[in-house]
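This report concerns only the one structure given below.
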Amino acid sequence: MPNSTVLKACEQTEIDLSGAADWVPFDAPALVGDSLRFVSGDSRGDRFRARYYRDAEKHLHARFWLGPEAEGPPGHAHGGAVAAIMDEALGLAAWAAGYPIVVGNLNVSFRNMLPLRKVVTVESRVVSVEGRKIMVHGRIFRGDTTFAEAQCLCITIPNNGLPK
Ligand SMILES: CC(C)(COP(=O)(O)OP(=O)(O)OC[C@H]1O[C@@H](n2cnc3c(N)ncnc32)[C@H](O)[C@@H]1OP(=O)(O)O)[C@@H](O)C(=O)NCCC(=O)NCCSC(=O)Cc1ccccc1
């Protein structure tokens with residue numbers, strides 16, 4: 001089958017990215033702006049599809065689906081795709097906790113190969129705040145399988161992140 005046919009079939013597929021019962025949808029662009037497009041901006045794309053949520057304690061969660069355009073090893077996600085998810089989701093977790101930041105350092109451990117075309121969950125937690133340094137930890141998993149873990153050092157920026 002030609003590649004274009006595969007992509008078209010994929011585009012037409014609705015992916016169920018619904019959250020857990022106690023999660024509330026989180027409007028990330030409303031907080032950080034429409035520039036947040038690289039990872040989660042295309043709800044019908046063939047690389048990433050994502051939906052963000054917050055739980056009752058305001059922790060950020062996400063459902064992600066990685067399509068054929070995110071492929072690295074055959075049938076599995078490219079490491080850069082996994083790192084990009086961590087960069088966006090963990091940075092966003094800091095924003096959602098009230099800190100306008102950019103990511104200064106991101107350390108990703110790839111624990112298991114992440115299969116394409118499966119919905120996975122990203123969980124994140126702000127674990128420490130020290131002056132301008134906000135440390136966020138996160139994990140991508142499905143069921144009992146952890147695909148990646150990350151520690152993300154976020155640095156607060158002035159002017160709420162807006163251009164001067
Ligand atoms: C702003 C800053 C990160 C820091 O510069 P400045 O303002 O001049 O601050 P300064 O250098 O004074 O540091 C302050 C304190 O922090 C510490 N520290 C800093 N770095 C490191 C480190 N690597 N490792 C360890 N520590 C480090 C430093 O030692 C100091 O500590 P101290 O107070 O002495 O104890 C700058 O390097 C930069 O712009 N980098 C590019 C960022 C970028 O492009 N990111 C990607 C795009 S954003 C994205 O994609 C995510 C996203 C998702 C969702 C939504 C939105 C965004």
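The values are calculated or read from the model by the stated rules, or taken from the named source; none is laboratory data. For clarity, every value in this text was computed on a predicted model and none was experimentally measured. Positions of Cβ are generated from backbone atoms using ideal geometry, with glycine treated the same way; all protein chains shown enter the neighbour counts.
Of all residues in region 111-144, exactly one satisfies the criterion of being at positive phi, more than 16 Å from the ligand (Cβ to nearest atom) and out of contact with any strand residue (DSSP E or B) (no Cβ under 8 Å at 6 or more places or on another chain), namely Gly143. The residue list Ala56, Ala28 contains one member that is under 22 Å from Val127 (Cα atoms) and more than 16 Å from the ligand (Cβ to nearest atom), which is Ala56. For region 91-110, filtered to residues that are of a type in the set (A, V, I, L, M) and more than 10 Å from the ligand (Cβ to nearest atom), the residue that is nearest to Cys154 (Cα to Cα) is Ala97. Counting residues in region 81-90 that are surrounded by fewer than 20 Cβ atoms within 10 Å (Cβ to Cβ), more than 10 Å from the ligand (Cβ to nearest atom), modelled with pLDDT of 95 or more and assigned to a strand (DSSP E or B) gives zero.
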